[in-house]
1. Could you work out how much longer the chain between TRP85 and GLU35 gets when fully extended? Use 0.36 nm per residue separation minus the Cα distance between them, nm to one decimal.
2. Work out the charge dipole of the chain with +1 on the Cβ of Lys and Arg and -1 on the Cβ of Asp and Glu about the Cα centre, then indicate which of ASN101, VAL123, GLY31 is farthest towards its positive end.
3. Here are labelled values, [x] 182; [y] 109; [z] 117, and one is the computed volume of the Cα convex hull per residue in Å³ for what I pasted. Which one?
4. Give the calculated FRET efficiency between LEU74 and ILE12 to the nearest 0.05, with a Förster radius of 35 Å applied to their Cβ-Cβ distance.
5. Per residue, how much accessible area does the chain show when a 1.4 Å probe rolls over the protein heavy atoms, in square angstrom?
6. Pairs on different chains or at least eight residues apart, Cα atoms closer than 30 Å: how many lysine pairs in the chain fit?
7. Which residue fluctuates most in the GNM of the chain (Cα springs below 10 Å): GLU54, GLU42, GLU25?
8. For the chain, with all protein chains present and a 1.4 Å probe, just round the carbon and sulfur fraction of the accessible area to a whole percent.
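The values are calculated or read from the model by the stated rules, or taken from the named source; none is laboratory data. The structure presented is a predicted model; accordingly, all values stated were derived computationally and were not measured. Cβ atoms come from the backbone with ideal geometry, glycine included; neighbour counts cover every protein chain shown. Side chains included, ligands, DNA and RNA excluded: accessible areas come from the protein's heavy atoms. Shrake-Rupley method; radii C 1.70, N 1.55, O 1.52, S 1.80 Å.
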Amino acid sequence: MNLYGSHCASAIFSASYKYHPDKQEADVPAGEVEERVQRFIEIDQAWKILGNEETKKEYDLQQREDNLTKEWPLHAQIYLEDMSWNEDEQLYTLSCRCGGNYSVFKSETKDVSSVCCDTCSLVIEILQ
């Protein structure tokens, strides 16, 4: 286990001890006991994932994938009304600064909140 892994394990064990149901004082309010038990369960689940090299790799890959989808360069936040409307194609469009276009079909507007440029990596957020 590397230094980071050792530090992570130490932090998890410390939190696990703090929230362990058998280590709670008798005068803790019932609602707080339930919160602490839930926190202990979350810590235990985290350890089951992060304490195993294989599941940790899977978790890290998923986190990287999630971060990539969230970190597209946001060009603007646009209302549909501010986009050009093509009645024949039932399509909203907006020119990108690169010369490409952002396009969203009317049928997609309820399901889509972000639209990628068809030429570059910029994204607009559709406000409704």
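1. In short, 12.9 nm is gained.
2. Checked the options; the winner is GLY31.
3. Here volume of the Cα convex hull per residue in Å³ agrees with entry [x].
4. Calculated transfer efficiency: 0.50.
5. Value returned for the chain: 75 Å² of accessible area per residue.
6. Taking the Cα cut-off of 30 Å, the pair count is 12.
7. Maximum among the listed residues: GLU25.
8. Carbon and sulfur together cover 49 percent of it.
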